[in-house]
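Notes follow once the structure below has been shown.
The values are calculated or read from the model by the stated rules, or taken from the named source; none is laboratory data. As the structure is a prediction and not an experimental result, all values here were calculated from the model. Cβ placement follows ideal geometry from the backbone for every residue including glycine, while neighbour counts extend to all protein chains displayed. Surface areas here come from the heavy atoms of the whole protein model, side chains and all, with no ligands, DNA or RNA. Shrake-Rupley method; radii C 1.70, N 1.55, O 1.52, S 1.80 Å.
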Amino acid sequence: KNFLEKDKTARVFYFDTECAVTNEMLIERGIDIERVAKSEPDCIERFRTVALKALNAYAEIPKEKRFPFLMVLDSISMLPSRKEIADMTEGKDTRDMTKTQLLKGAFRVLRLKMGVIGVPLIVTNHVYQVIGAYVPTKEMAGGSGAKYAADSIIFLGKKKDRTGEDDAVVGNIIHITMMKSRLSREGT
């Protein structure tokens, strides 16, 4: 919403892999849905193809006529590969060993294109606890592709905010850790 309000020509391309965002939700929050394109990719391969086509179309616009453009992927860890879908359809219990390579390749290609034409990508992802680590640590799901391509990686945590009287939950306290940053101090 803030991105769209800063410039009335701005556009957002929103990839929703969780079917979590509806036009009604956007309208309810005061977001101009005429300037938001949504896609619900069913696999990594479709995401990378649609994203690259959108970036190529944007790159063809003369630089002086380009509008601010933002892409969002919510969430990377929910994207299966075509192989994973095919295996599940066939009833196979084999593990998909192609997903991390597909994601790494997608981010390698998209990152360069986005950097050249100045389009940011915000990606949400899930984290998991590393089992067997000497010190308990959290790791991003989906392999290292997004980790290496990112300018900033922010881990969010939350705990319940309670009132003192009857211990009722009144909200959440969000804890933010800058895991990677090319623009500010890491680990803060």
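Table for the structure above
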quantity: Surface accessible to a 1.4 Å probe, per residue, for the residues of segment 1-48, Å²; calculated: 60 Å²
quantity: Amide H within-cut-off set for residue 181, under 5 Å, with H built and near neighbours excluded; calculated: 153
quantity: For residue 150, net neighbour charge (Lys/Arg +1, Asp/Glu -1) across residues whose Cβ lies under 11 Å away; calculated: +3
quantity: Cα Rg, Dmax (largest Cα-Cα span) when computed across the chain, Å; calculated: 18.9, 61
quantity: Within-12-Å neighbourhood charge of residue 5 [Cβ basis; K, R +1; D, E -1]; calculated: +3
quantity: With every protein chain in place, segment 1-85: carbon and sulfur % of accessible area (1.4 Å); calculated: 52 percent
quantity: Selected from 103, 55, 156 as most flexible by GNM, with the chain as the system and alpha-carbon contacts under 10 Å; calculated: 156
quantity: Of 158, 53, 63, the one that fluctuates the most in a GNM where the chain has Cα springs shorter than 10 Å; calculated: 158
quantity: Environment charge at residue 169 (Cβ cut-off 13 Å; Lys +1, Arg +1, Asp -1, Glu -1); calculated: 0
